[in-house]
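Presented below is the structure to which this report refers.
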Number of protein chains: 2
Amino acid sequence: MNSRIKKFYSILERLNFDGMLVSWPANITYLTGYRSRDSYLLVSRKGNFYFTDSRYSEEAKPELKGVASLLKINGSVFSLIAQTCLDFKLKAVACEGRYLPYAEYKKISDCLKKKAKLISTHSLIEQARQIKDPQEIGKIKKAVEVAASALKFIRGFIKPGIKEIEVEAELERFIRYHGADNSSFDIIVASGQNCAYPHHITSERKIRNNEPVLIDMGADYQGYKSDLTRVFFLGKINLLAQEIYAIVKEAQARALKNIRPGAKAADIDRVARDFLTEKGYARFFGHNLGHGVGLDVHEEPHLSPKSNQVLEPGMVITVEPGIYIAGKLGVRVEDMVLVTEKGYEVLSGSVNK
Amino acid sequence: MNSRIKKFYSILERLNFDGMLVSWPANITYLTGYRSRDSYLLVSRKGNFYFTDSRYSEEAKPELKGVASLLKINGSVFSLIAQTCLDFKLKAVACEGRYLPYAEYKKISDCLKKKAKLISTHSLIEQARQIKDPQEIGKIKKAVEVAASALKFIRGFIKPGIKEIEVEAELERFIRYHGADNSSFDIIVASGQNCAYPHHITSERKIRNNEPVLIDMGADYQGYKSDLTRVFFLGKINLLAQEIYAIVKEAQARALKNIRPGAKAADIDRVARDFLTEKGYARFFGHNLGHGVGLDVHEEPHLSPKSNQVLEPGMVITVEPGIYIAGKLGVRVEDMVLVTEKGYEVLSGSVNK
């Protein structure tokens with residue numbers, strides 16, 4: 001029996017649940033090791049059931065061996081899930097309220113006919129996922145390594161006249177030749193004023209000389225993600241860009257120094273934000289300082305002013321301060337960091353900034 | 001004022017809704033033209049409101065001009081949405097039950113304090129999206145053209161010894177050099193026995209001689225998607241593969257001939273399925289015959305045995321029969337078709353099969 005599911009039974013029992021319906025792919029992958037898509041997993045001490053259809057059933061069967069019985073959906077998956085809960089007398093069944101669509105919740109609940117209840121929970125599995133084991137850290141390191149190599153490679157490729165989308169094209173190609181299964185999200189290549197949009201959609205714009213080019217990218221290695229940002233400057237860097245780039249790097253360096261087990265996530269965010277305030281740029285930094293990375297590219301914990309999370313060894317987080325001045329320019333520097341017993345380890349230190 | 005939103009007001013009024021909360025990105029794009037991410041749109045005759053945060057606010061502002069007031073989220077987006085409903089006296093507010101997570105539905109409902117109600121609806125916008133206007137058809141044709149060129153290009157690239165993932169790498173690169181903004185979904189490259197998994201995850205497996213290679217891919221052009229599948233045979237084709245490939249092509253040809261306005265989607269599916277039954281292969285064809293394609297790669301209508309939809313001019317659908325024999329091989333042929341006034345037009349006819 002899979003040890004993660006076994007451990008999870010105790011969490012469910014402590015909260016008085018008889019089982020849990022899991023639909024978020026990364027959560028199913030975490031519990032089973034199988035890269036699930038469009039499917040549902042019902043876990044309980046009385047049995048684990050995987051609900052899928054003909055697109056995945058043959059593929060899933062050997063992968064889920066010993067973990068879950070596979071039920072092929074022919075009619076409605078929702079009545080099949082409900083019937084399975086009733087058959088096995090699961091009366092209080094947890095579900096993932098942040099992901100399960102309202103209509104699915106309603107359909108399953110209706111089929112349960114008040115003989116059992118589907119109960120919305122928050123982050124039950126995500127909380128466990130925050131602390132990575134050595135095998136997971138190994139995969140994340142590989143995902144970081146591929147993205148880091150891609151950034152080093154692309155630095156030599158970028159020249160005035162090349163389009164943002166062509167830079168993306170080369171990165172998408174490169175990572176797959178260097179061990180990645182996929183990109184971990186849509187790559188952002190932002191040049192010139194486009195850098196001022198934190199989540200710019202990579203466009204047909206041609207990169208010009210004396211401009212910054214911001215690249216935010218990551219690789220997916222066996223389900224585990226990386227997420228890195230660098231800004232390259234072509235030709236001359238104007239004074240404003242030099243100034244804000246130095247400030248962002250210093251804000252990141254100060255935040256990094258405070259990372260250790262026991263540190264509050266909100267405090268790490270505050271260190272960077274306070275430095276930007278001191279320099280007069282805090283109003284140009286709208287997003288959080290960072291987030292966890294693992295089977296999802298954005299996951300717990302969040303380095304945000306409102307977070308009440310505390311860092312622990314085995315957490316993997318981004319540290320990514322930025323300054324975005326609309327119509328002018330923007331910079332962001334993003335590294336990935338492992339929280340260690342004694343402090344922290346920057347996983348993406350090999351890429352110059 | 002945007003004419004799609006205007007038209008949508010009448011639909012809402014007919015159903016006695018005062019407004020609708022839209023969160024599904026493709027639906028927001030359809031109504032506003034803006035490629036929304038992680039944001040919410042509240043539409044009503046009393047005003048249209050777009051809820052976003054600092055990652056998108058500067059980018060969205062000019063794009064949403066004349067369409068929506070932009071409200072930047074600082075606190076909770078859910079209480080801000082609820083407060084806006086209350087401020088404008090929107091009492092019956094439709095939402096997208098199939099997408100809106102249960103926890104978000106619950107949070108907004110709680111903030112409405114029974115002074116207004118969030119009501120789950122199904123496919124209100126998706127139904128309108130089924131019929132494409134000439135501008136949309138133009139964009140879909142461009143998305144098909146890019147994917148078709150990519151398939152023609154890759155046929156010359158594939159050789160024994162090349163890995164599935166390297167084929168994907170080249171396709172991801174090619175489409176971005178030829179006008180695509182993105183892939184429309186994770187490209188499937190399945191070789192040998194992997195072809196038997198309809199949704200195989202592209203792997204490090206090396207392609208061998210005398211094997212089929214199945215490629216299922218699409219391009220995203222200005223938000224509009226394409227979705228095509230071809231099987232290439234390297235070296236000699238064994239008799240079984242020859243037989244099932246011919247059957248799949250014939251099943252597709254028969255289905256295509258029946259496409260016209262007024263035809264039932266279920267009947268088109270049945271024509272292909274009946275032919276596979278006649279040949280003894282129906283049990284190896286588990287999925288639907290096809291689906292609509294537009295701002296989402298899978299959308300209404302569905303060519304499935306259970307569909308009650310009727311084809312209309314302006315619909316764009318895939319026709320994709322397949323035969324998958326576990327442990328042996330699989331083939332699928334997928335084209336995109338526009339339903340015209342008189343019948344149909346195959347949009348992807350330029351790629352040999």
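The values are calculated or read from the model by the stated rules, or taken from the named source; none is laboratory data. If you're wondering where the values come from, they're calculated on a predicted model, not measured in any experiment. Neighbour counts run over all protein chains shown; Cβ positions are idealised from the backbone, glycine included. When the accessible area is computed, the model is the full protein with side chains, heavy atoms only, and any ligands, DNA or RNA have been set aside. Shrake-Rupley method; radii C 1.70, N 1.55, O 1.52, S 1.80 Å.
Annotations
- Cα-Cα pairs of the range B:205-287 separated by more than 22 Å (percent): 44
- Antiparallel DSSP beta bridges within chain A, as percent of all bridges there, nearest 5: 75
- Cross-link pairs exceeding 22 Å in C-alpha to C-alpha distance, out of A:LYS7/A:LYS46; A:LYS225/A:LYS257; B:LYS141/B:LYS342; A:LYS206/B:LYS65, comprise A:LYS225/A:LYS257; A:LYS206/B:LYS65.
- Neighbour-limited loop hits for chymotrypsin sites (Phe, Trp or Tyr not before Pro), the range A:75-184 (at most 12 other Cβ within 10 Å; DSSP other than H, G, I, E, B): none
- In the distance distribution for the protein assembly as shown, Cα-Cα pairs more than 33 Å apart total 53 percent.
- Position A:TYR177: other-copy label points at 1.1 nm, ordered by increasing distance, label point 7 Å along Cα→C-beta.
- Estimated [θ] at 222 nm from DSSP helical runs (n ≥ 4, -39500 (n - 2.57)) normalised by residues in the protein assembly as shown, nearest 500: -11000 deg cm²/dmol
- Accessible surface buried by the B/A pair amounts to about 3800 Å², both sides summed, 1.4 Å probe.
- Within the range A:28-92, the percentage of alpha carbon pairs spaced more than 16 angstrom apart rounds to 40%.
- Phi angles across the range B:276-283 convert, under the Karplus curve 6.51 cos²θ - 1.76 cosθ + 1.60 with θ = phi - 60°, into 3J(HN,Hα) values of 5, 4, 4, 8, x, 10, 4, 6 Hz, Gly and Pro given as x.
- q = 0.11, 0.12 Å⁻¹, chain B: log10 I(q)/I(0) [Debye, one scatterer per Cα]: -0.80, -0.91
- Test item: Cα-centred dipole of the range A:195-353, Lys/Arg +1 and Asp/Glu -1 on Cβ, debye: 660
- When DSSP beta bridges are restricted to pairs lying wholly in the protein assembly as shown, around 75% turn out antiparallel.
- Cα gyration tensor shape of the range B:165-254, rounded if a/c is under 1.5, else prolate or oblate by comparing a/b with b/c: oblate
- Kirkwood estimate for the range B:278-335, i.e. one over the average of 1/r between Cα atoms, Å: 12.7
- Shape of the range B:68-134, Cα gyration tensor, a/c cut at 1.5: prolate
- Taking every alpha-carbon pair under 8 Å whose residues sit at least 6 apart, chain A reaches a relative contact order of 14 percent.
- Each of A:PHE232, A:THR340, A:GLY66 was placed along the dipole of the protein assembly as shown (beta-carbon charges, centred on the mean Cα), and the one lying farthest toward the positive end is A:GLY66.
- Per-residue shielding of A:173-180, expressed as the average number of other chain Cβ atoms within 10 Å of the residue Cβ, stands at 5.
- For A:GLY97, nonlocal amide neighbours, meaning residues 5 or more places apart or on other chains whose placed amide H falls under 5 Å from its own, are A:THR121.
- Residue-averaged beta-carbon neighbours from other chains (10 angstrom radius) around A:51-57: 4
- Put simply, the C-alpha atoms of the range B:219-353 give a gyration tensor, and the ellipsoid matching it has half-axes of 25, 17, 13 Å, longest first.
- Evaluated with a Cβ-only charge set (Lys, Arg +1; Asp, Glu -1), chain B carries a dipole of roughly 580 debye about its Cα centre, given to the nearest 20.
- Cβ-vector label at 7 Å, B:LYS65, separations to other copies in nm: 6.2
- Residue-normalised accessible area of the protein assembly as shown, expressed per residue, 1.4 Å probe, Å²: 41
- Separation of alpha-carbon centers, the range A:218-278 and the range B:128-189, rounded to whole Å: 35
- With eigenvalues of the C-alpha gyration tensor scaled by 5 and rooted, the range A:1-145, Å: 25, 18, 14
- Counts of other chain beta carbons within 10 angstrom of each beta carbon in peptide B:94-106 average 6.
- Sorted from shortest to longest, the distances between the B:ASP38 label points of this copy and the other copies are 2.7 nm, with each point 7 Å from Cα along the line through the beta carbon.
- Fraction in percent of alpha-carbon pairs per bin - 10 Å, the range B:70-195: 10, 25, 18, 21, 18, 8, 1
- Model label points for B:LYS61 and A:HIS298, set 7 angstrom from Cα along the Cα-to-Cβ axis, are 2.1 nm apart.
- Dipole of chain B, positive end: most advanced residue of B:HIS122, B:PRO305, B:ALA246 [Cβ charges, Cα centre]: B:HIS122
- Across the accessible surface of the range A:84-159, with the other protein chains kept in place and a 1.4 Å probe, carbon and sulfur atoms take up 56 percent.
- Rounded to the nearest 20, the Cβ-based charge dipole of the protein assembly as shown about its Cα centre (Lys and Arg +1, Asp and Glu -1) stands at 1060 debye.
- Using the Cβ of A:GLU96 as centre and a radius below 14 Å, the other residues enclosed give a net charge of -3, where K and R count +1 and D and E count -1.
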